[in-house]
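Below is one structure, written out as structure tokens, with a few remarks after it.
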Amino acid sequence: MKDDALYGRFFTFWPRVKGFVLDTVYPENAVCRSCGKISEGGVLCKECRERLRNDGFTMAWDREELDPGLPVYILRPHTGVARQMVLRLKHSAEKCVAEELAGLLQPVPEYVGFPPETIVTWVPMPKGRRQERCIDHGQVLAEAAAECLGLQCKQLLDRLETKDKAQATLGRDAREANLQHAFRPAVKEIRHPVLLVDDVLTTGTTARRCADALREAGATEITVLAFTRALPGGPGD
Ligand SMILES: [Zn+2]
């Protein structure tokens, strides 16, 4: 095994071991997943939870058009505790972190309406990274979001690329090339509205390519939901 692969496994495995050990030692006082302090039994300490709720709240449920007919809702800027939580989820795929992030969906404003037959889905991880991490953090987040919104969650996309080039490290053109034909529908036919959940939106290329694949299976009503939005000049990880 290559050194970097070994390091990658350790890097993704260690936070889970640490969290488990600390949660066992301090069952009533879990560790804050953002700042590392002992929290009062929650995923976040009181201060970090308030910051997650309030920092960038003015951006909650902001609507943009990625392409004509492809709206995206944003919940928070990709900074501070929200960014920490997204990174944490990427590396550990902890369900409790996903559920904390899903809490940002509430309250859902009146102008946002998802028909009850809407299917929530996610951007599947590249195969190599999924094997390394055993679990797809996108799925964990989509399931938490679906539960929060009272909608069904289902895998609608497969990922074809095996080259594991992390999108966050690439420029816009390279992202386009890396993702061309990367996705295909995982089901024969899609006849219901789709809510595509993604953790962080940077250029929107990934969401566009996923929408292309969903349309191939017949989806006509696609909405993207991004928990955080990378800001110009800010980190896009
Ligand atoms: Zn904290």
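The values are calculated or read from the model by the stated rules, or taken from the named source; none is laboratory data. These numbers were taken from a predicted model, which means no experiment stands behind them. Counting neighbours? That spans all protein chains shown, and the Cβs are built from the backbone with ideal geometry, glycine included.
Would you say residue 85 is of a type in the set (A, V, I, L, M) and at pLDDT below 95?
no
When the stretch 136-192 is examined, which residues are found to be more than 18 Å from the chain's Cα centre (by Cα), of a type in the set (Asp, Glu) and at pLDDT below 95?
161, 173, 176
Let me confirm something: among 97, 108, 140, 123, which residue is closer than 19 Å to residue 202 by Cβ and touching a Leu at 6+ places or on another chain (Cβ under 9 Å)?
Only one candidate qualifies: 123.
Could you name every one of the helices (runs of 4 or more DSSP H) located completely within the stretch 41-123 that has at least 3 residues being surrounded by fewer than 17 Cβ atoms within 10 Å (Cβ to Cβ) and within 16 Å of the ligand (Cβ to nearest atom)?
46-54
For the stretch 213-237, give me each residue that is at pLDDT 95 or above and surrounded by fewer than 18 Cβ atoms within 10 Å (Cβ to Cβ).
215, 216, 217, 218, 220, 221
Kindly indicate which of 73, 111 is among the hydroxyl-bearing types (Ser, Thr, Tyr) and in contact with a Phe, Trp or Tyr (Cβ under 7 Å, 6 or more places away or on another chain).
Every option except 73 fails the conditions.
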